[in-house]
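As structure tokens, the structure follows; a few thoughts come after it.
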Amino acid sequence: MKKLIAALLLLAPAAADAGNYKLMGKLDLFGGQYFFGGQSGAFNGYGVLDAQLARSYSPSAGFFASLRSVYTGFKQVNELAGGGTLFQQSLDNSLGFKLIRRYEGGYSLKPRAAVKNQLFRETKDEKWGEGLYDFMRYEAGVTLERKTRLGLGIPWTWQLSWDAYYTRYTRFKSLASQYGQELAAPNPGTRVLDTLTNQFSYATELDLPNFKKADFLFSLAMIDYQDQKVINSEGRYLSSKRSDYYQALNLGLSKRYNDIQALGGVRPVLGAGLSLANLISNQSHLDTDPAHLKFIRGFYDYTEVRLSPSAQFTFIGTGLITRFNYDFAVRGYTERLAQRGDGSYTSKKLAQYSSSFTAEAAYPLARSLDVKVQGTWAASRSNNRYEQVYRYNYDSSSYFAGMEWRF
């Protein structure tokens, strides 16, 4: 990440003056502390680098490159392999390229390609690049966009997209595949987390009267596991591979209200989002522990509802911007059973409730430099008490302060 930042700092002046090229982006550097499960962590950092390089070939054609790097130095629970896995630190790097071709009638065609690398450290003494869940993702896709109007006065933009992702976990291999022949055990496959995904999506955005904005997104992802075999109730792995279908529907609405004539003027923007999602998988699960032998068909199937209200207040006189976001989600597994602390199964389906609250303030020190403070709180609750593999119940919070530079 340091090399990427240094390179951008060196190239920024030249790119900004290089004819039709335009470099823009931001760099966030924060320091702070996290709290997880009632324990406080050491002082650590959080950093985000976002950079975009654009070039216009003509009024109807252009090129767009993007670079993003995110370092997270505090504990977090990421959902991998069907449940929440706890990590100490993570580093996420991605590089993307997009061509833009505009046509008459407000149409645009945008083919793209990207690569993403994410590294995780599960323990403090684990070296970067040696994490079990480290992965590379290769992406390609194309978007058809149209900018038009609904009726006579409502700007309307819609997008129809197809994207393909190949995700490869560079170090994750099933132990059963490596020692199965020696132990005479069934072979589930070797790279059981590697996937090839095809995703189709439709997005639309409306700029409504009275400073209102509405957006809608529907996506369908077909996820094929390249080397994960389906298991049956007898503990045998079939020749067929695991396939998942993930559907998501997102609705959003925001409104900028009239300025409040106090404190030099305050401009409020309120918003709310509603998301519905479900996952359907042909993979089952066989718990082979003799103490609670159990076969569960459709082990990964779930339905989720998420509500996300937000508020932003801009203090016109000073330039101070405050943002508040709350997120609440309910996930219900349709077949997975909740377990007691000893691993025994109950008759109830597993349910998980998660919520988070973020408060942020940004104050301009100069034209392109802001000082920022941020505080977050998150919690997860579930009727599942068995957490030998995944985390279902936890509390976390953090506070950070730092600078944002826009270029």
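Odds and ends about this structure:
- Residue separation of residue 216 and residue 132 scaled by 0.36 nm, minus their Cα-Cα distance, works out to 26.6 nm of gained length.
- Partners for residue 22 among aspartates and glutamates (Cα-Cα distance below 17 Å; same-chain residues under 8 apart left out): 50
- The dipole here belongs to the chain: it is taken about the Cα centre, uses +1 on the Cβ of Lys and Arg and -1 on the Cβ of Asp and Glu, and is about 740 debye.
- Taking amide hydrogens as placed 1.01 Å from N in the peptide plane, the amide H of residue 320 sits under 5 Å from those of 315, each at least 5 positions away in sequence or on another chain.
- Aspartates and glutamates with Cα under 20 Å of residue 212, excluding same-chain neighbours fewer than 8 positions away: 259
- Principal axis extents of the Cα atoms in the range 284-407, from largest to smallest and rounded to whole angstrom, are 66, 24, 23.
- For the range 265-294, the residues whose amide N sits under 13 Å from a probe point set 7 Å from the Cα of residue 344 along the beta carbon direction are 291-293.
- Cα-based helix-to-principal-axis angle, 2-16 vs the chain, degrees rounded to 10: 30 degrees
- Spacing of the two label points (7 Å from each Cα toward its C-beta) at residue 307 and residue 357, in nm: 1.5 nm
- Summarising the label geometry, the points placed 7 Å from Cα in the beta-carbon direction at residue 255 and residue 152 lie 2.4 nm from one another.
- Partners for residue 127 among lysines (Cα-Cα distance below 18 Å; same-chain residues under 8 apart left out): 2, 75
- Modelled spin labels at residue 60 and residue 293, positioned 7 Å past Cα toward Cβ, are 7.0 nm from each other.
- Cβ-Cβ FRET estimate between residue 243 and residue 328, R0 fixed at 41 Å, reported to 0.05: 0.85
- At full extension, residue 367 and residue 101 could sit 92.5 nm farther apart than now, given 0.36 nm per residue minus the alpha carbon distance.
- Segment residue 276-residue 202, length gained on full extension (0.36 nm per residue, minus Cα span): 25.1 nm
- Theoretical ellipticity at 222 nm over the chain - DSSP helices of four or more residues, -39500 (n - 2.57) apiece, nearest 500: -2000 deg cm²/dmol
- Residue range of the chain that is longest and free of trypsin sites (Lys or Arg not before Pro) which are both DSSP loop and sparsely packed (at most 10 other C-beta within 10 Å): 128-366
Here, each number is a calculation from the coordinates, and none is a lab measurement. Just so it is clear, the model here is predicted, and its values are computed rather than measured. Every residue, glycine as well, gets a Cβ built from its backbone with ideal geometry; the counts of neighbours run over all protein chains shown.
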